[in-house]
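Notes follow the structure.
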Amino acid sequence: MRKALRWLLALTVLIGTLSTASAATAAEPEATGTTGTTAAADIKEQLLSIPGMSLIEEKPYTGYRFFVLNYTQPVDHRNPSKGTFQQRITVLHKDVSRPTVFYTGGYNVSTNPGRREPTQIVDGNQVSMEYRFFTPSRPDPADWTKLDIWQAASDQHRIFKALKPIYTEKWISTGGSKGGMTATYFERFYPKDMDGVVAYVAPNDVVNKEDSAYDRFFATVGTKECRDRLNGVQREALVRREPLEKRYAAYAAENGFTFDTIGSLDKAYEATVLDYVWGFWQYSLLSDCDSIPADAKNATDDDIWTSIDTIAGFSFYTDQGLEPYTPYFYQAGTQLGAPTIVFPHIEKKYIRYGYLPPRYFVPRDISMKFQPYAMRDVDTWVKHNARHMLYVYGENDPWGAEPFRLGKGAKDSYVFTAPGLNHGANVAGLVPDQKAFATARILEWAGVASATVQADPSTAKPLAKFDAKLDKRDVEREPTLRP
């Protein structure tokens, strides 16, 4: 999960369709209390009555109430007396009589109203959590040994337990990319909390040192013409390293960028170039190949620079670009794993460092030690114990090269692939029969499937109308070799 992890993964979507046009906006602010008919202040008072919960701000949105909150969490769930920190969460409140979707992208939380795809499908409430150690949800001082998948799952567990007395209906957890991984880990450690899981484009790097699946992916993805274009630009960027690094140095000086963490401008340049092909397939579609220079050898330096910068981003491996993602890279280097791929189209003389491991993207004063058993444990659990879990991948997304797979012990759980889609794959992008079936299962898990849908899953549709602002479908930009 390495280079694409550098743009990090995140994505997920939503769908829904109410029985009447007015139902989509029936829960106006003045009718969104405990029963959906009490005073508007009721839900706010209930939320703030939870021990450790405090209000940062409330933002209006038609048909909902949206709260940005802080929740007091223990730094170490095994030893709660060892200190606390404030973790940001948001609540998109519709009505306590509706199901609730628990979302995390695995990184920072957005402080603007937004619905994930399952929230639109079930027409429900949404609780979103900022992942621990992403600022400002970071203990001070930061004990990095307390940043692991179990501690983060325990954060979600405490939030769920605190909110369940208010939101008493069914709960569905969801997330995209690292968020899909997070939803999976939450289910692994607290399988009794959620009634269903919808994990989008979730990488599953079971054996960190075995990454040949990615090489096979890049050898066949898309079309040969598109692969040749991308490979040509990537190779040419290394052939022209000297003049383009001079431009990079000027760019860094102009913007005040430094390279202490990765070690040098030269390493940052190569890391960016090696992210290029991965970044394209993670965030672009086959139709976007027309924007890639067709004849790299005869392209101008400006053409090569612009293509690499647009897709991979020369600012990312600077200290300033890496700093927000320190928690991710720390986890990649201690538990999650990070992919390594080969570049058969580039002569060895042009590659000086290759895919750098996560250690290069985390300040040296933070200790790291990889735990090879962490992902093996989760993978084994999913294969044999998955229940009400749905995985959605994109056919052309590099992160799907190592997906979660289900074994004989899995029950009412599914893995689907959206044809032609990238890291933004979702239920809406599945082929029609899978789309309807997946929608029906989500509705059933959330306890809102109609008798018609239960009898005929092919009729399943989202319960809430599409909202262009709430249901924005853009893929969330994250580190490229990071989900």
(message) Over 21 Å between Cα atoms: which of LYS170/LYS408; LYS59/LYS435; LYS192/LYS383; LYS44/LYS465 fall into that group?
(response) LYS170/LYS408; LYS59/LYS435; LYS44/LYS465
(request) Please give the helix 178-189 orientation as an angle from the longest Cα principal axis of the chain, in degrees from 0 to 90, rounded to the nearest 10. (result) 50
(message) Quick check: the angle from helix 432-445's long axis to the longest principal axis of the chain, C-alpha only, nearest 10 degrees?
(response) 50
(message) Between SER291 and VAL239, how high is the FRET efficiency from 1/(1 + (r/R0)^6) when r is the Cβ-Cβ distance and R₀ = 22 Å? Nearest 0.05.
(response) 0.55
(request) Report, in deg cm²/dmol and to the nearest 500, the calculated mean residue ellipticity at 222 nm for the chain, where each DSSP H run with n ≥ 4 adds -39500 (n - 2.57) and the sum is divided by the residue count. (result) -9500 deg cm²/dmol
(request) Return the carbon/sulfur percentage of the accessible area of the chain, one whole number, probe 1.4 Å, all protein chains in place. (result) 51
(message) Once each part is reduced to its C-alpha centroid, what is the distance from the range 404-424 to the range 313-392 in angstrom?
(response) 22
(request) Taking 7 Å along the Cα-to-C-beta vector as the label spot, tell me the LYS469-ALA253 distance in nanometres, rounded to one decimal. (result) 4.6
(request) Would you mind getting the accessible area per residue of the chain, heavy atoms of the protein chains only, 1.4 Å probe, in Å²? (result) 39
(message) If I fit a long axis through the Cα atoms of helix 149-163 and take the longest principal axis of the Cα atoms of the chain, what angle between them do I get, 0 to 90°, rounded to 10?
(response) 30
(message) Which lysines, if any, have their Cα less than 26 Å from the Cα of LYS348, not counting same-chain residues under 8 positions apart?
(response) LYS3, LYS209, LYS224, LYS246, LYS267, LYS297
(message) Can you order the peptides 84-90, 181-187, 337-343, 352-358 by their average number of other Cβ atoms within 10 Å per residue, highest first?
(response) 181-187, 337-343, 84-90, 352-358
(request) Take the alpha carbon gyration tensor of the range 233-344, find the square roots of its eigenvalues, order them as a ≥ b ≥ c, and report rounded if a/c is under 1.5; if not, report prolate when a/b exceeds b/c, else oblate. (result) oblate
(message) Restricting to DSSP loop positions (anything but H, G, I, E, B) with no more than 13 other Cβ atoms inside 10 Å of their own Cβ, which trypsin sites (Lys or Arg not before Pro) remain in the range 178-262?
(response) LYS192, LYS209
(request) Just need log10 I(q)/I(0) for the chain at q = 0.06, 0.07, 0.12 Å⁻¹, Debye formula, equal scatterers on the alpha-carbon atoms, no solvent, rounded to two decimals. (result) -0.27, -0.36, -1.04
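The values are calculated or read from the model by the stated rules, or taken from the named source; none is laboratory data. Not measured: the values here are computed from a predicted model. Glycine also receives a Cβ, built like all others from the backbone with ideal geometry; neighbour counts cover every protein chain displayed. Just the protein is used for accessible areas: all its heavy atoms, side chains included, with ligands, DNA and RNA removed. Shrake-Rupley method; radii C 1.70, N 1.55, O 1.52, S 1.80 Å.
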